[in-house]
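The values are calculated or read from the model by the stated rules, or taken from the named source; none is laboratory data. Everything numeric in this text was worked out from a predicted model, so none of it was measured. Cβ placement follows ideal geometry from the backbone for every residue including glycine, while neighbour counts extend to all protein chains displayed. Protein only, heavy atoms only, side chains kept; ligands, DNA and RNA dropped before computing areas. Shrake-Rupley method; radii C 1.70, N 1.55, O 1.52, S 1.80 Å.
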Amino acid sequence: MPSLFTNPNNEESQCLTPEINQSRRYSFSRDKSVVSGLLSDSDAAGARNNGMGPSSSSSVSLVGAAPGNINSEYGSYQQDATGEKKSIYGMIESEQADYEQFDHRSLPRKGLDKLLKRKRYFARKVFLDGTTLPHKSFPKNVVRNQKYSFIFFLPQVLWEQFKYFFNLYFLIVALSQFFPPLQVGYLFTYVAPLVFVLSITITKEAIDDLKRWRRDVKANSQRYTRLTVDGSERVPSSKISVGDLIVIEADERVPADCILMRTTEKSGASFIRTDQLDGETDWKLRRAVKLTQELPSNHSLFDIHAAVFAERPHKAIYDFIGKLTKYDAAGQDVEHIESLSLEQTLWANTVVASGTVVGLVIYTGKETRAVLNASSPRSKMGKLDQELNNLSKILFALMFLLSLLLVACKKFQGSWLITLFRFTLLFSSIIPISMRVNLDMGKTAYSFFIMRDKKIPGTVVRNSSIPEELGRIDYLFSDKTGTLTQNDMIFRKLNLGSSYFELTEHDESTLKELREITEEAFAQEEGQIDTATKHIRDMLLSLALCHNVTPSSSSADDAVKEYQASSPDEIALVKFAESVGLVLEDRTMNNITLKTPQGNLLVFDVLIMFPFTSESKRMGIVVRERDHPENIFYFIKGADTMMSKLVKPSDWLDEECDNLAREGLRTLVFGSKRMSTEIFEEFKMEYETAKSKVVDRSQHIEETRLRWEKGLDLLGVTGVEDKLQEDVQGSLENLKNAGIKLWMLTGDKVETGICIARSARLISRNQPMYKLIVDDETQLLEQLTEYAGQNDDYLALVIDGNTLNMCIQKPFQKLFMKEVVKSACVVCCRCSPTQKAQIVKLVKKYTKKQTAAIGDGGNDVNMINSADVGLGIVGKEGKQASMASDFSITQFKHCTRLILWHGRNSYKRSARLSQFIFHRGVIISIIQAVFSAIYFFAAIPVFTGMLLVGYSTFYTMIPVFSLILDEDVKDDIVFTYPELYKDLQKGRALNFRTFMTWIWKAVFQGGIMMLLAIALFEQKIIRIQSITFSALIMTELLMVCLEVSRFKIWMLLSVVLSMVIYIASIFLLPEYFDFTFVFSFDFWWKTVVLVLACNIPIYFFSFIIKTLNPPNWKKLTRGNHGPMKERIMRWIRGRL
């Protein structure tokens, strides 16, 4: 075929239009000047800015063209009989904006983007034979979730560890021992602990990454059928590329982002499961492209000349804009254009639930929606970890000052810098390297305890690094629907304006009356019934037709119908229609079949359908009754805020919606419009024009709808009840008593939010409430000032989304946040998902306190991720919130036990464990300091080799780690007195005061131990070493026994086991122990004296303090301890 377009300014340019060769593959010129000549004015400017060269001087002329061809400054167009200008590739001039999304970057720009790792995404045009425009290599379709590469695994892991100061500090300490002047002991002593910790970390990372690699290999090796001109072939998922036509069987994973071209389902639609993509458990309906679905076979796809334009890849899984263009046999003129939307997409990682489908691959690998929305494993650093990090800095300063003091006492003699460094190395155990390992193991254990708790079944810990943060929560942000409520919708009220119906659980009279009315409405032809009956008939038809529900028969009983829908609201409406006699019998892509009370079937052809979106706040459907083609109905249902603008004026609508909202019911307003065939065709033409737009398609469709939806007939209002979750009232009451401030963030109306808040006891019956609802900034400032003057911490605040949006802007943000955080509880209504996340971030910013967020739907994910602790409920809205959370639960009431019980234990145990480890490191350093001071400030280690290594591992690790089993109170006391949680919020288990208390204990015990050892024993270093180390081990084991709140058998066994290991080491390590001396009576009685001297004063003062100032839980339960203890306590107070 001759070239249709050439560039006179470039004789070497090739044909730019599609040219069909024997393999039916299209070829395009890469000549930049020609390409720029094909773009619209804005496109040409964009091309010049991207280094594609000038275009204004490069006009494209038509060679051998028929009359009607038009040359313009920016390109050549063909004008058809309608006067519409068509450019090359068959695109009309107004849609040349498609090409603005193509990759027009120059080679230097591409190189710079690659060097700076800047991700750029561009649109593409994919022909059915696999050719793409522009010509470029798209990402490989490989799944890669590995964190490390095989070659650089070790360097990457080491970098992750040593980029932190303290890990780097331990590395420097270990490396310093390779230099003789700095050696203070055996190399093994300093290298072994570091190697041990690194080995655990590297092994854990290697195992986790190996699991990821195996999952990737399995996913990349899954084989699919790829259609070709010559037939078909089986290829692995990793070999699939953009432009391939892939056959996907039922229950198979979709390997890449595709357009649904064909399906074996007669209706032309297939269901997919998206739970692995968005967490939603309901099946989603996807419709095949109408043009390709009507082809006789799959291989007929290669017999037509068509291309799919796909917008640039982005993260939004619920949005897609594209179109399919069919050309004539010459590949020149456009014969058909069909718009593509989300309904024609198959995103990667979804699963085909019904039928066998053929998909055209448009995005692969890193450009798929699944990968773009994937995030690396979240790494949250808890408040406890931050506090320990700060305390470790204090210990580092203490270690340096202690070293400097000893050097100063030596009057900086000789190579004092080397001596200073040697002392620093000797005291390096002050900062215990085992801290991180012990805490991580403890967190793993806490997570295990949570998941094994039979009182909260189904709980899953998805982030094991922050279980102790459950014990520090100050603010809890909660969704309403599905979180505080069951998301189990029950139809309760129907208001038709002239008549009103209320359904109750135990009263069947209303339902019986409605059945009689329905039977009467459908017993006669429409023209034979009166206006009132006709109104009821239209309302029931809107309930049964305006939805996305698909019926299916139960496998056990074909008479029992089950329904699939994306919203439980819709199922409740369809079930209500069924209960009064109008049954949804069948549904396909093109028609809906209803069964009347008389058993007759009414078939309606679906002409146009507008799905519900959060932006439009309504859903619409245009249907034609098959037996009466003149009856074309346009049914619409939606939120009252939107529908009140569309329906004819009504004197009862607003009042009724407010009444239903005050009762806590979810309201929907129904409207309709009847169309003649002529009016519908006019509407359809405008809609198709808007739908064919690529740029701002949604806006064009919305404008078209609004023009035709004005003046709807108001049919009625429905009220659907969403029941409260089990024991949600008691749970909220306990959380409030625990000092946690509760916020309810919901998208419902203000009246509905207040009603649910009161029924759930989020707002108490007599609790004062302030409504902050304004229309402009002047009113906002006045109300904020009035609200700030309330000075009532018991006050509850109610605010709507519009007011909240103004409040979180800069002029009012500081004042608003200063006052709102004081409220006992806050109810935010008409709140968007973005606002939910914003308010959580602002509370964190202004209060610096711990926040938690709980939700059950995909719209709660941002809020959950923004909080310090995310709680997800596995509910009817799917698993997306659960998968994104740190802790997944099955009911709201479980969060009470999770926070008050497991949060308390995890925080108290981690605080006690960390301080005990600090104590263990400081006491041995003090012993070393006293030893060096007595022996002329010599930088000589008192403990070396296996003694130093075994001290924090074999001899003391098990008993100290057994503290993770400790419980200061029983769970019944925690739930009887939830106020005990307030102590945890103040951080009293671990703060500077408790930290210094443990440091002083270590200083006293270490000093007394070393001084008495030298005083009681002969001046033989091996005897001083053995007696001091023996006393040190016994002191640590005794401290564990004295510090635990409730002794358990496992703790006793750990102490006994550690003592057995220590006695065994006396035989195994003769170089550290004088065997004869150790088993003498003199050794043991003096060792006992040392241990008692170190511990009795500590225990005595602790007993006095706890007696005079007992813990709050003891104060609350003091009456249970009996009169004897009271008399003892009064006697002690009297003597003091």
Considering the range 530-551 alone, what residues qualify as being among the β-branched types (Val, Ile, Thr) and free of Cβ contacts under 8 Å to residues at least 24 places away in the same chain? THR531, THR533
Going through the range 944-955 one residue at a time, which ones are open to solvent by 10 Å² or more (accessible area, probe 1.4 Å) and more than 43 Å from the chain's Cα centre (by Cα)? THR944, MET946, LEU948
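Which ones in the range 1032-1050 are part of a helix (DSSP H, G or I), out of contact with any Pro (no Cβ under 7 Å at 6 or more places or on another chain) and open to solvent by less than 30 Å² (accessible area, probe 1.4 Å)? Walk me through how you get there before you give the answer.
Filtering the range 1032-1050 down to residues part of a helix (DSSP H, G or I) leaves 1032-1043, 1049-1050.
From what's left, out of contact with any Pro (no Cβ under 7 Å at 6 or more places or on another chain): 1032-1036, 1038-1039, 1041-1043, 1049-1050.
The answer is LEU1032, ILE1033, THR1035, GLU1036, MET1039, GLU1043.
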Show the residue pairs meeting these rules: Cβ distance below 6 Å; 6+ apart or different chains; first residue within the range 415-430 and free of Cβ contacts under 8 Å to residues at least 24 places away in the same chain; second residue open to solvent by less than 20 Å² (accessible area, probe 1.4 Å). TRP416/VAL407; LEU420/SER403; LEU420/VAL407
Could you look through the range 128-144, keep only residues that are open to solvent by less than 30 Å² (accessible area, probe 1.4 Å) and over 32 Å from the mean Cα position of the chain (by Cα), and pick out the one that is modelled with the lowest pLDDT? PRO134
I need every pair where a residue in the range 687-700 that is in the same structural domain as PHE610 (by the TED database) and more than 15 Å from ARG312 (Cα to Cα) has its Cβ under 9 Å from the Cβ of a residue that is of a type in the set (A, V, I, L, M, F, W, C) and surrounded by fewer than 17 Cβ atoms within 10 Å (Cβ to Cβ), sequence separation at least 6 or different chains. TYR687/ILE608
Say whether the condition of being touching an Asp or Glu at 6+ places or on another chain (Cβ under 6 Å) and free of Cβ contacts under 8 Å to residues at least 60 places away in the same chain is met by at least one residue in the range 1010-1022. yes
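For the range 546-559, enumerate the residues that are surrounded by fewer than 23 Cβ atoms within 10 Å (Cβ to Cβ) and modelled with pLDDT of 70 or more.
Initially, the range 546-559 is screened for residues surrounded by fewer than 23 Cβ atoms within 10 Å (Cβ to Cβ), giving 548-559.
Correct list: ASN548, VAL549, THR550, PRO551, SER552.
Return the only residue of PHE670, PHE683 being in contact with a strand residue (DSSP E or B) (Cβ under 8 Å, 6 or more places away or on another chain) and assigned to a strand (DSSP E or B). Outline the logic, then answer.
Numbers: PHE683 fails: assigned to a strand (DSSP E or B).
After applying the criteria, what remains is PHE670.
Given the structure, is ILE317 assigned to a loop (DSSP other than H, G, I, E, B), closer than 26 Å to TYR687 by Cα and open to solvent by 20 Å² or more (accessible area, probe 1.4 Å)?
Details: assigned to a loop (DSSP other than H, G, I, E, B): yes; closer than 26 Å to TYR687 by Cα: yes; open to solvent by 20 Å² or more (accessible area, probe 1.4 Å): yes.
The answer is yes for ILE317.
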Name, by its number, the condition in (1) on the phi > 0 side of the Ramachandran plot; (2) open to solvent by 20 Å² or more (accessible area, probe 1.4 Å) that does not hold for GLU513. (1)
The range 145-166, subset open to solvent by 50 Å² or more (accessible area, probe 1.4 Å) and among the polar types (S, T, N, Q), residue farthest from GLY365 (Cα to Cα): GLN156
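Residues that are in contact with an Asp or Glu (Cβ under 8 Å, 6 or more places away or on another chain), more than 16 Å from THR896 (Cβ to Cβ) and not assigned by the TED database to the domain that holds ASP860: list the strands (runs of 3 or more DSSP E) wholly contained in the range 453-523 that include at least 1 such residues.
Working: elements: 473-478, 485-495, 500-502.
Per the criteria, 485-495, 500-502.
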Residues that are among the aliphatic types (A, V, I, L, M) and buried (at least 18 other Cβ atoms within 10 Å of the Cβ): which strands (runs of 3 or more DSSP E) entirely in the range 177-290 hold 3 or more of them? 245-248, 257-263
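Out of all the residues in the range 503-513, is one or more under 30 Å from PRO833 (Cβ atoms) and either over 41 Å from the mean Cα position of the chain (by Cα) or among the hydroxyl-bearing types (Ser, Thr, Tyr) (or both)?
Applying the first criterion (under 30 Å from PRO833 (Cβ atoms)) to the range 503-513 yields none.
Within the range 503-513 (the criterion being under 30 Å from PRO833 (Cβ atoms) and either over 41 Å from the mean Cα position of the chain (by Cα) or among the hydroxyl-bearing types (Ser, Thr, Tyr) (or both)), the answer is no, since none of the residues qualifies.
Of the residues ALA307, ALA348, ALA330, which is in a strand (DSSP E or B) and either in the same structural domain as MET883 (by the TED database) or over 21 Å from PHE610 (Cα atoms) (or both)?
Values: ALA348 fails: in a strand (DSSP E or B); ALA330 fails: in a strand (DSSP E or B).
Result of the check over ALA307, ALA348, ALA330: ALA307.
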Just name the residue that is nearest to GLU702 (Cα to Cα) out of those in the range 597-610 that are surrounded by 14 or more Cβ atoms within 10 Å (Cβ to Cβ) and touching a helix residue (DSSP H, G or I) at 6+ places or on another chain (Cβ under 8 Å). PHE610
Quick one: count up the residues across the range 956-1010 that are closer than 17 Å to LEU900 by Cβ and either open to solvent by 40 Å² or more (accessible area, probe 1.4 Å) or not in a loop (DSSP other than H, G, I, E, B) (or both). 18
Being in a helix (DSSP H, G or I), open to solvent by 50 Å² or more (accessible area, probe 1.4 Å), farther than 19 Å from PHE916 by Cβ and out of contact with any Leu (no Cβ under 9 Å at 6 or more places or on another chain) narrows it down to one residue among GLN386, GLN413; which is it? GLN386
Looking across the range 752-785 at residues that are of a type in the set (Gly, Ala, Ser) and at pLDDT 85 or above, the single one that is surrounded by the most Cβ atoms within 10 Å (Cβ to Cβ) is ALA757
